[in-house]
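The values are calculated or read from the model by the stated rules, or taken from the named source; none is laboratory data. As the structure is a prediction and not an experimental result, all values here were calculated from the model. Cβ: placed from backbone, ideal geometry, glycine included. Neighbour counts: every protein chain shown.
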Amino acid sequence: MGAYTGPLIALAFTSGLILWLSPLAKAVGLVDVPNARKVHEGEIPLVGGLAIFVAVFAANVITGFTLPEGVMPVDYNGFYLAGMLLVLTGMVDDFVDLSPLHKIVVQTIATLIMIFGAHVVLSNIGVLGKGSNILSLGILAVPFTVFATIGVINAINMSDGLDGLAGSLSLVSLLGFLAATSIFGNGEDAGLLITLAAAVGAFLLFNFRIPGRRSAVVFLGDSGSMFLGFTLAWFAIKFSQGESRIISPSAALWFLILPLFDAVSMTARRLMKRRPAFGADKEHLHHIFLLAGFTVSETVGILAGIAVFGAGVGLVGTFFGVPDSIMGGSFLILGLLYLRMIVHSWAVMRFLRHSICRRHSATDRRVIKDRRSSNNVAYLGPERRSGNDRRVDPRRDEDTQTHIALTKSG
């Protein structure tokens with residue numbers, strides 16, 4: 001079969017599965033239900049992640065992935081086993097809203113499958129000091145791999161707050177890893193990466209806001225965000241470890257720049273304010289852009305551009321052999337600047353509004369005492385990935401209606 005057969009199958013299967021599964025999801029209640037605190041319209045099926053996973057697996061079974069001449073086939077059994085576990089858990093979470101502890105346990109099991117089943121493990125963090133000695137993690141390799149993988153999984157989950165955002169960031173990272181294995185490696189993983197990219201691209205056709213369509217018609221759901229996060233962690237670790245590594249661990253960070261920056265900064269900010277580290281809020285970078293007056297599509301485009309910049313830095317740094325200390329140090333410095341920006345988010349929002357966007361926003365700091373209780377679309381309560389809140393009908397939620405009445409009268 002041709003090199004493009006797998007991606008075409010994944011694209012067609014993803015599109016077909018979304019169209020087929022969406023009515024079924026609405027019938028069984030696997031949907032995100034709008035209420036007074038949600039910005040989308042109608043009940044949106046949460047089957048994007050399931051469609052992506054099944055489509056990629058089907059493409060793998062049908063084509064086996066075309067490999068360059070002389071390259072041995074790769075065993076992806078561990079990848080699919082761990083991915084299936086995360087997808088099924090995500091679907092359960094979309095129904096019943098699992099606790100963070102339950103999800104972390106499952107994510108840990110999936111990571112252990114990756115480590116001991118596929119031997120994808122973070123054994124070193126590169127050359128960070130003087131000389132050429134690689135800093136090995138030794139006995140800390142397994143726990144560090146678990147920590148890093150769970151971090152990336154939840155970073156993608158946190159980014160799933162706007163139509164098209166998580167999918168776009170994941171697509172950029174996948175294409176960045178595809179470029180890395182094609183340029184610096186033997187291309188053994190190119191077939192899976194381009195198939196994954198095709199499946200995510202097909203999903204985005206239903207998830208983007210386009211002219212004439214005010215909202216997405218399908219969401220990733222927790223199943224999709226966890227599977228994509230695990231996928232990105234898998235390739236970031238695989239490509240940066242071992243004697244045949246194609247990028248350094250420091251360069252791998254740049255391929256995931258925006259999800260990592262956002263997740264770490266938001267967790268740090270919540271802890272500084274003594275709020276739950278895994279609690280949902282509306283203070284991510286994309287909310288700052290919304291408050292500044294940018295549209296959802298504009299915000300997604302800008303943030304995807306930042307992700308492209310990060311992947312470009314990782315590729316260019318690898319091509320020119322930039323030392324790990326410089327790649328890692330610059331990433332850390334930029335991350336600290338990002339955290340400072342998030343801590344002073346209102347100053348950033350006002351700068352964007354007046355200096356760049358130049359739009360008038362309905363929300364003003366002098367009027368709204370608590371921005372998290374504002375009616376602005378950027379702060380409409382918990383993020384949509386919360387499970388139980390999806391199925392609350394606002395017409396039957398007396399507390400919500402009372403809140404709306406008080407807000408209007410105030």
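Sort out which residues of region 140-151 are touching a residue at least 40 places away in the same chain (Cβ under 8 Å) and surrounded by fewer than 24 Cβ atoms within 10 Å (Cβ to Cβ), and write them in order of number.
Correct list: T145, A148, I150, G151.
Is it the case that L137 is touching a helix residue (DSSP H, G or I) at 6+ places or on another chain (Cβ under 6 Å) and surrounded by fewer than 19 Cβ atoms within 10 Å (Cβ to Cβ)?
Judged against the criteria, L137 is a match.
Restricting to region 195-224, name every residue that is crowded, with 24+ Cβ neighbours inside 10 Å and under 25 Å from G64 (Cα atoms).
T195, L196, A198, A199, V200, A202, F203, S223, G224
Where the second residue is buried (at least 18 other Cβ atoms within 10 Å of the Cβ) and among the small types (G, A, S) and the first is over 20 Å from R245 (Cβ atoms) and touching a residue at least 24 places away in the same chain (Cβ under 8 Å) and lies in region 324-342, which pairs have Cβ atoms under 7 Å and are six or more apart or on separate chains?
Y338/S265; L339/S265; I342/S265
In region 297-317, which residue that is buried (at least 20 other Cβ atoms within 10 Å of the Cβ) and small (G, A, S) is nearest to A216 (Cα to Cα)?
The selected residue is A307.
Restricting attention to region 63-78, which residues are at pLDDT 90 or above and part of a helix (DSSP H, G or I)?
Those that are at pLDDT 90 or above and part of a helix (DSSP H, G or I): N77, G78.
For region 96-111, how many residues are in a helix (DSSP H, G or I), of a type outside the set (V, I, T) and surrounded by fewer than 16 Cβ atoms within 10 Å (Cβ to Cβ)?
Residues that pass the stated criteria total 3.
Checking the structure you have, find out if any residue of region 257-269 is closer than 29 Å to G138 by Cα, at pLDDT 80 or above, of a type in the set (A, V, I, L, M, F, W, C) and not in a helix (DSSP H, G or I).
No, every residue in region 257-269 fails to be closer than 29 Å to G138 by Cα, at pLDDT 80 or above, of a type in the set (A, V, I, L, M, F, W, C) and not in a helix (DSSP H, G or I).
Residues are listed down the side, and each one gets a yes or a no for (1) of a type in the set (D, E, K, R); (2) over 23 Å from S215 (Cβ atoms); (3) at pLDDT 95 or above:
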residue: L17; (1), (2), (3): no, no, yes
residue: W20; (1), (2), (3): no, no, yes
residue: V33; (1), (2), (3): no, no, no
residue: K38; (1), (2), (3): yes, no, no
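Within region 256-272, count every residue that is in contact with a Phe, Trp or Tyr (Cβ under 9 Å, 6 or more places away or on another chain) and more than 13 Å from A155 (Cα to Cα).
Residues in region 256-272 being in contact with a Phe, Trp or Tyr (Cβ under 9 Å, 6 or more places away or on another chain) and more than 13 Å from A155 (Cα to Cα): 1 in total.
Counting only residues that are more than 23 Å from the chain's Cα centre (by Cα) and loosely packed, with under 15 Cβ neighbours inside 10 Å, how many does region 324-346 have? Working first, answer last.
Kept after step one, since they are more than 23 Å from the chain's Cα centre (by Cα), are these residues of region 324-346: 324-326, 329, 344, 346.
Then keep just the ones that are loosely packed, with under 15 Cβ neighbours inside 10 Å; that gives 325-326, 329, 344, 346.
The qualifying residues number 5.
V218 - would you say it is in contact with a Pro (Cβ under 7 Å, 6 or more places away or on another chain) and within 23 Å of L86 (Cβ to Cβ)?
yes
Restricting to region 80-95, name every residue that is buried (at least 20 other Cβ atoms within 10 Å of the Cβ), out of contact with any Leu (no Cβ under 8 Å at 6 or more places or on another chain) and within 30 Å of S244 (Cβ to Cβ).
A82, G83, L86 - these are the residues of region 80-95 that are buried (at least 20 other Cβ atoms within 10 Å of the Cβ), out of contact with any Leu (no Cβ under 8 Å at 6 or more places or on another chain) and within 30 Å of S244 (Cβ to Cβ).
Go through (1) farther than 21 Å from A118 by Cβ; (2) in contact (Cβ under 8 Å) with a residue 60 or more places away in the chain one by one and return the number of the condition S240 breaks.
(1)
Taking region 309-354 as the region of interest, how many residues are in a helix (DSSP H, G or I) and under 15 Å from L128 (Cβ atoms)?
So the count comes out to 11.
Only residues in region 292-315 that are under 17 Å from D163 (Cβ atoms) count as the first member; pair them with residues that are of a type outside the set (F, W, Y) and loosely packed, with under 15 Cβ neighbours inside 10 Å, Cβ under 8 angstrom, at least 6 apart or cross-chain, and list the lot.
Close Cβ pairs (under 8 Å, with a partner that is of a type outside the set (F, W, Y) and loosely packed, with under 15 Cβ neighbours inside 10 Å) amount to F294/R359.
Take the conditions under 26 Å from G242 (Cα atoms), surrounded by 16 or more Cβ atoms within 10 Å (Cβ to Cβ) and in contact with an Asp or Glu (Cβ under 9 Å, 6 or more places away or on another chain) and apply them to L122. Does it pass?
It is false that L122 is under 26 Å from G242 (Cα atoms), surrounded by 16 or more Cβ atoms within 10 Å (Cβ to Cβ) and in contact with an Asp or Glu (Cβ under 9 Å, 6 or more places away or on another chain).
If you check every pair at least six apart or on different chains, which have Cβ atoms under 6 Å apart with a residue in region 36-56 that is at negative phi and surrounded by 21 or more Cβ atoms within 10 Å (Cβ to Cβ) first and a residue that is part of a loop (DSSP other than H, G, I, E, B) and at pLDDT 85 or above second?
I44/F219; P45/V218; L46/L30; L46/F219; G48/V218; G48/F219; G48/L220; G49/L220
Condition check: among the aromatic types (F, W, Y), over 22 Å from D324 (Cα atoms) and not in a loop (DSSP other than H, G, I, E, B). Does F203 satisfy that?
So F203 fits the description; yes.
What are the residues in region 286-313 that are of a type outside the set (A, V, I, L, M) and more than 15 Å from L169 (Cα to Cα), if any?
H287, F289, G293, F294, T295
Looking only at region 169-191, count every residue that is surrounded by fewer than 24 Cβ atoms within 10 Å (Cβ to Cβ) and in a helix (DSSP H, G or I) and tell me the total.
The qualifying residues number 8.
Of V264, V218, which residue is at negative phi, touching a residue at least 12 places away in the same chain (Cβ under 8 Å) and in contact with a strand residue (DSSP E or B) (Cβ under 6 Å, 6 or more places away or on another chain)?
Values: V264 fails: in contact with a strand residue (DSSP E or B) (Cβ under 6 Å, 6 or more places away or on another chain).
Among V264, V218, only V218 is at negative phi, touching a residue at least 12 places away in the same chain (Cβ under 8 Å) and in contact with a strand residue (DSSP E or B) (Cβ under 6 Å, 6 or more places away or on another chain).
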